[in-house]
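Shown next, in structure tokens, is the structure this report addresses.
We did not get these values from a lab; they are worked out from the coordinates using the rules stated. These numbers come from a predicted model, not from an experiment. Note that we place each Cβ from the backbone using ideal geometry, even for glycine, and neighbour counts take in every protein chain shown.
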């Protein structure tokens with residue numbers, strides 16, 4: 001019996017150590033399973049985020065390209081308006097010079113019938129040009 005107690009004590013110590021090793025192994029396996037599942041979720045989320053970011057980047061690039069095209073279009077329109085403005089200013093200078101050279105009141109007092117005829121001809125040409133521009137019956141000769 002005296003020999004039996006140390007053997008029993010040794011069996012108890014070994015079974016306690018075995019139980020602790022089993023618990024450690026089981027908890028480690030459980031943590032490995034949880035970490036594997038979490039890793040799979042993270043990889044899926046990462047792939048989805050990469051795809052969404054790529055789509056967002058493509059959308060932003062398309063918007064930038066549209067904006068650049070619109071900006072170029074606006075610049076062309078601004079250039080066209082500036083050119084038209086320069087032409088109008090030049091035409092206004094010509095008209096101003098013609099008006100400065102001709103004194104309508106003095107001419108109409110000198111020869112009222114000739115002034116009236118000239119004014120009527122110019123008004124007819126003006127309204128004829130408007131008719132031609134609006135695709136109405138064009139009675140003016142083409143120049």
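Springs join every pair of Cα atoms under 10 Å in this Gaussian network model of the chain, and among 67, 127, 53 the largest mean-square fluctuation is at 127. Put a dot 7 Å past the Cα of residue 94, heading toward its Cβ, do the same for residue 52, and the two dots end up 6.4 nm apart. The alpha-carbon atoms of segment 22-101, seen along their principal axes, cover 116, 14, 7 angstrom, with the largest extent given first.
Only one item in (1) 10, 36, 32, 15, 6, 0; (2) 11, 37, 29, 16, 7, 1; (3) 8, 11, 13, 10, 8, 7, 7, 6, 6, 5, 5, 4, 4, 3, 1, 0 matches P(r) over Cα pairs in 10 Å bins from 0, in percent derived from the coordinates shown, and that item is (3). Length gained on full extension, residue 80 to residue 36: 9.3 nm, using 0.36 nm per residue less the C-alpha separation. Helix 4-101 sits at what angle to the longest principal axis of the chain, using alpha carbons and giving 0 to 90 degrees rounded to 10? Tilt of helix 4-101: around 0 degrees. For the chain, a Gaussian network of Cα nodes joined below 10 Å ranks 35, 71, 11 by mean-square fluctuation, and the top entry is 11.
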